[in-house]
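K.L.:
The structure's right below; bear with me while I get my questions together.
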Amino acid sequence: MKIEKKQKDTICFLTQKLESMSEKWAVTGSFGQVLQGVNVVPKDIDIISTRVGVRKIQSILKEFTQHKVSYSATNSMRSYFGVIEINSCKIEFFGEIENLLKNNTWEPHIEWEKNITEIVIDSIVVPVITLEYELLICNKLFITERAILIEKRLSSQSQIRTIQTPIAMYKLEFTLKQHTPLIHFQHDQAGATLRATEVKPKLDKFIIEKLGGIEKVKKEHPDWLVGNGEHAALDYKFRIERSNGKIEGIKLQFFEDYKEEDLKKRWKMKGNYPMLLANMGGKPSVSELKDIIQFQTIECLIFSFCESLVKEIKDIICLFFATCNFGNRNNKGFGSFSIIKINNVDLNWDENKLLPQTFFLQVDTCKTKAIFECIDFFYKWLKSGINFTSHKDRDGNWCCDKLRYKKSLLFEYLDSIRTSVPPKYSWEKRWLKENYFTLPSLANNPKFARAILGLADKTTFTRAKCNRSGTDVPYDQNNKVVYNAHLGLEVDRIKSPITFKPVIIGSLTKIYIHINKENIDYLYANVSEKRFLFSEREKIDIQYRIGNNQYTFSYHLGEDPGKFDVHINRLASSHLDDNLKALLEDLINFRKSINALAIPDLIFDYDAFLSFVRKAHPTFTAKNFQWNDIVNTPIQILKTK
């Protein structure tokens, strides 16, 4: 039985909201059973916790309250009971549950906390009461039909187990140093910090990949996996114990902006913060704006009943935190941590744990905002180039300085290998201008090259005030948007393969450049269609009538443009009024605006690209928009041994 999307979204939202809650809780009842494959239809979501836990749930989710927590009793059950509703989903939560047995005595749900498994939904780890425990309760209460369904599911897994308290627990305690702030969606709540629900799935995936994949782990270490390995989750608990030394003075400042022309108020961020895009344009309420949060250290605990698994985690966890960041915009350097203590043994940063010949930027600053300004400058230079040529002088007048321009390093690299690495090709920027700004055709075998550094779903062309040549955006087409989508819609978006990992060491910062080619490799290996479609429009959804017949047409960029043809032919062969003539012209123009372009034929060599960048620019000076130096000394591009 599949759960509804709104139920899935609700339980993920609920889990994230309860991340900071110290009291244990878990999904129980029919919804928890469905998550584990039992063929039942859940009417609502049931949560079990402690008496203190249900009151904390109510406090955290008070805006969704339908029934305040109170002690409640029915003919068969009594507990501390409350109800909330999220996304039209009813959620009932119970604390200190007791059931009335056939002998007329009340029996509590004992040891439910020791019978929690984990289900991963969209990378969110949801605690769920095990089917074995659910079966035990059903049998005690003579809920025969449900017990049969649970037994059927367990027997299909061949893993009915006796519920008992394990004898030994193995622990791994470690302390993280936080180098850069997190962009946190719960920044305004007490206890907002690194989320265990984000760390554990990433750590699970990291370990499983290092060991050769899930099938190999199932074969060699079946006892390491939750259940039978259906969800590729390892059988341990990860907990954030405490966050120490909150760093003050870094929080962003917000203000309420009122625009008289649209009679709307929006909350906006004062000034700019590099690489933080979520707040652009403002939000209707201040709670929707993202903020940053940082602590000096965070203490964590991993525990499991499997000693060999804990030993494996201990061996690999320093490398995991040395290469991964967390939270929003983590690939741009936010949420960087490293381990400084394991089981009370102090550790120093050791870059030798990284892959040999890892590139990094060495920056003579430990100031957080300056670090992100340097990353922002370097990444823009890599992908699109730097164009700060137009600026205001001291009197507030616009002027031009062509020295404030740097050609894209990707363009320079592609240009350098045209004669040495066949087939020859050029990147897509010129091709886009030729197709959507009526510039003369000069592009030589164009390819969608910038996609290999990360793919957005649109490109906005802004006229450079200082460019007077015929290769620029025409005045009447300033800020034109050109959309793109994969032909066949198999690829939604390509995340940038580059992750910047800032590590502060004393008064300087090393920004390691980690390459994750997973999405790019998947595109080349598994997706037969390598072309992307481009258009000035993203979609159309229309209805029209010819005579007594009603027709509908819906198209989203990425679908086969041939969908237009039947409607264009139908309209073209009919006697049309002015409205239908305008519709026909609109369809023809949309169809003509769709053009296809493929990614490069050969898989991109990122190491060769970064080696070219280092050779051409072993040091560089990062500039802000005012063209002032971000740091006082040049930034070095180096490699580990």
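The values are calculated or read from the model by the stated rules, or taken from the named source; none is laboratory data. Quick caveat, the model's predicted, so the values are computed rather than measured. Glycine gets a Cβ as well: all are built from the backbone with ideal geometry, and neighbour counts include every protein chain shown. Ligands, DNA and RNA are excluded from the accessible area calculation, which covers all protein heavy atoms including side chains. Shrake-Rupley method; radii C 1.70, N 1.55, O 1.52, S 1.80 Å.
K.L.:
Return yes when E92 is acidic (D, E) and either surrounded by 15 or more Cβ atoms within 10 Å (Cβ to Cβ) or under 19 Å from F31 (Cβ atoms) (or both) and no when it is not. Walk me through how you get there before you give the answer.
P.N.:
Numbers: acidic (D, E): yes; either surrounded by 15 or more Cβ atoms within 10 Å (Cβ to Cβ) or under 19 Å from F31 (Cβ atoms) (or both): yes.
Yes.
K.L.:
Report every pair of residues separated by at least 6 positions or lying on different chains whose Cβ atoms are under 9 Å apart, first residue within the range 568-579 and farther than 12 Å from Y551 by Cβ, second of a type in the set (F, W, Y) and at pLDDT 90 or above.
P.N.:
N579/Y544
K.L.:
If you go through the range 358-383 one residue at a time, how many are open to solvent by 60 Å² or more (accessible area, probe 1.4 Å) and under 19 Å from L403 (Cβ atoms)?
P.N.:
1
K.L.:
Which residues, counting only those in the range 597-607, are surrounded by fewer than 18 Cβ atoms within 10 Å (Cβ to Cβ), more than 13 Å from A451 (Cβ to Cβ) and at pLDDT 85 or above?
P.N.:
D605, D607
K.L.:
In the range 110-133, what count of residues is obtained for those that are over 33 Å from the mean Cα position of the chain (by Cα) and either open to solvent by less than 40 Å² (accessible area, probe 1.4 Å) or at positive phi (or both)? Outline the logic, then answer.
P.N.:
Here is the first cut: in the range 110-133, the residues over 33 Å from the mean Cα position of the chain (by Cα) are 110-111, 132-133.
Filter again for either open to solvent by less than 40 Å² (accessible area, probe 1.4 Å) or at positive phi (or both), leaving 111, 132-133.
Going through the range 110-133 one residue at a time, the tally reaches 3.
K.L.:
Collect the residues in the range 511-567 that are free of Cβ contacts under 8 Å to residues at least 40 places away in the same chain, under 30 Å from T180 (Cα atoms) and of a type in the set (D, E), keeping them in residue-number order.
P.N.:
E518
K.L.:
Considering only the range 272-284, state which residues are modelled with pLDDT under 75 and either in contact with a Cys (Cβ under 6 Å, 6 or more places away or on another chain) or open to solvent by 20 Å² or more (accessible area, probe 1.4 Å) (or both).
P.N.:
L277, A278, M280, G281
K.L.:
Let me ask you something else. Looking at the range 404-444 only, could you name the residues that are at pLDDT below 80 and open to solvent by 40 Å² or more (accessible area, probe 1.4 Å)?
P.N.:
Result: R418, T419, S420, V421, P422, P423, K424, T438, P440, S441, L442, N444.
K.L.:
Just one of the numbered conditions (1) of a type outside the set (F, W, Y); (2) out of contact with any Gly (no Cβ under 8 Å at 6 or more places or on another chain); (3) under 30 Å from E434 (Cβ atoms) is not true of S611; which one?
P.N.:
With (1) of a type outside the set (F, W, Y); (2) out of contact with any Gly (no Cβ under 8 Å at 6 or more places or on another chain); (3) under 30 Å from E434 (Cβ atoms) applied to S611, the lone miss is (3).
K.L.:
Checking I160 against (1) open to solvent by less than 40 Å² (accessible area, probe 1.4 Å); (2) part of a loop (DSSP other than H, G, I, E, B); (3) at pLDDT below 90, which test does it fail?
P.N.:
For I160, the exception is condition (1).
K.L.:
Also: Within the range 578-590, is even one residue surrounded by 12 or more Cβ atoms within 10 Å (Cβ to Cβ) and under 33 Å from the mean Cα position of the chain (by Cα)?
P.N.:
Scanning the range 578-590 turns up at least one residue that is surrounded by 12 or more Cβ atoms within 10 Å (Cβ to Cβ) and under 33 Å from the mean Cα position of the chain (by Cα).
K.L.:
Of the residues that sit in the range 336-357 and are under 15 Å from T499 (Cα atoms) and modelled with pLDDT under 95, which one is least open to solvent (accessible area, probe 1.4 Å)?
P.N.:
L354
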